[in-house]
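A.B. asks: Structure incoming, see below.
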Amino acid sequence: GQQVMQIPQYQHVQEGEDFTTYCNSSTTLSNIQWYKQRPGGHPVFLIQLVKSGEVKKQKRLTFQFGEAKKNSSLHITATQTTDVGTYFCAGSTGGGNKLTFGTGTQLKVEL
Amino acid sequence: DTGVSQNPRHKITKRGQNVTFRCDPISEHNRLYWYRQTLGQGPEFLTYFQNEAQLEKSRLLSDRFSAERPKGSFSTLEIQRTEQGDSAMYLCASSFPFGTSGMADTQYFGPGTRLTVL
């Protein structure tokens, strides 16, 4: 079945440092979504990418969808303590709505 | 502004007991999803409804699990004869059809029901 892996599993950074998480799918995706889950919270939608090579920005967050639509990345510039949480990518195939979530990257930001 | 709600928020049960969880989606959303999340893992898809029709069910889902959405509004997830391996957070999400080709719906998650099987 479809598998979605993320690296790294954990990342500790000092506030102000940059952070990147990488997402790789075993199959070609129709689209990819990114979610953030705060400690003790539930996943919250961040963004969706659909087109091959697409890049989208949200303030300090930059999202990219690979040319082959099998990988994606999330880059945070100048992390803040409010960025703490686990970031999940989630992909779907065949135009459906069933999401396969990645393994997640847990981000900790230290002052 | 009412989001997705789930009840109960926590459930502790003994092995072998049956449990039922309820999810109330955002009112105008006709699609509803159930996921299971264990510590340190991403949510794992269980099943999906459009209105009252159950359109997809994970092959990993044991026949001890059943979900319903009788009137296309709230949904229930029942686990029969619970096992310790069923301990997890059960998340519900809802969505409204995006309507754009190639795009999946944005799913809005509820707070989850944490199940502990002793």
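A.B. asks: What is the one condition in (1) within 9 Å of chain B (Cβ to nearest Cβ); (2) in a strand (DSSP E or B) that A:I47 does not satisfy?
C.D. replies: (1)
A.B. asks: When the residues of the stretch B:1-25 are filtered to those that are open to solvent by 60 Å² or more (accessible area, probe 1.4 Å) and in a loop (DSSP other than H, G, I, E, B), which remaining residue is modelled with the lowest pLDDT?
C.D. replies: B:D1
A.B. asks: Taking the stretch B:95-118, which residues are surrounded by 15 or more Cβ atoms within 10 Å (Cβ to Cβ), among the polar types (S, T, N, Q) and modelled with pLDDT of 95 or more?
C.D. replies: The one that is surrounded by 15 or more Cβ atoms within 10 Å (Cβ to Cβ), among the polar types (S, T, N, Q) and modelled with pLDDT of 95 or more: B:T113.
A.B. asks: Just wondering, is there one or more residues in the stretch B:95-107 that are in a strand (DSSP E or B) and within 11 Å of the chain's Cα centre (by Cα)?
C.D. replies: no
A.B. asks: Here is a follow-up. For the stretch A:1-50, name all the residues that are surrounded by fewer than 16 Cβ atoms within 10 Å (Cβ to Cβ) and more than 18 Å from A:H75 (Cα to Cα).
C.D. replies: Answer for the stretch A:1-50, where residues must be surrounded by fewer than 16 Cβ atoms within 10 Å (Cβ to Cβ) and more than 18 Å from A:H75 (Cα to Cα): A:G1, A:Q2, A:Q3, A:S26, A:T27, A:T28, A:P39, A:G40, A:G41.
A.B. asks: Assess whether B:S62 counts as being out of contact with any helix residue (DSSP H, G or I) (no Cβ under 8 Å at 6 or more places or on another chain), part of a loop (DSSP other than H, G, I, E, B) and more than 16 Å from A:H42 (Cα to Cα). Spell out how you get there, then give the answer.
C.D. replies: On the way: out of contact with any helix residue (DSSP H, G or I) (no Cβ under 8 Å at 6 or more places or on another chain): yes; part of a loop (DSSP other than H, G, I, E, B): yes; more than 16 Å from A:H42 (Cα to Cα): yes.
Taking the combined requirement at face value, the residue satisfies it.
A.B. asks: Which of (1) touching a residue at least 60 places away in the same chain (Cβ under 8 Å); (2) more than 14 Å from chain B (Cβ to nearest Cβ); (3) of a type in the set (A, V, I, L, M, F, W, C); (4) open to solvent by 10 Å² or more (accessible area, probe 1.4 Å) is the odd one out, the single condition A:V84 does not satisfy?
C.D. replies: (1)
A.B. asks: Can you report the number of residues in the stretch B:26-83 which are more than 14 Å from the chain's Cα centre (by Cα), over 21 Å from A:G96 (Cβ atoms) and open to solvent by less than 50 Å² (accessible area, probe 1.4 Å)?
C.D. replies: Looking only at that region, the number is 3.
A.B. asks: Residues in the stretch A:68-81: is at least one loosely packed, with under 12 Cβ neighbours inside 10 Å and charged (D, E, K, R)?
C.D. replies: No; the residues of the stretch A:68-81 include none that is loosely packed, with under 12 Cβ neighbours inside 10 Å and charged (D, E, K, R).
The values are calculated or read from the model by the stated rules, or taken from the named source; none is laboratory data. Quantities reported herein were computed from a predicted structural model and do not represent experimental measurements. Quick reminder, even Gly has a Cβ in these numbers, built from the backbone with ideal geometry, and neighbours come from all protein chains shown. To get the accessible areas, we keep the full protein, side chains included, count just its heavy atoms, and leave off ligands, DNA and RNA. Shrake-Rupley method; radii C 1.70, N 1.55, O 1.52, S 1.80 Å.
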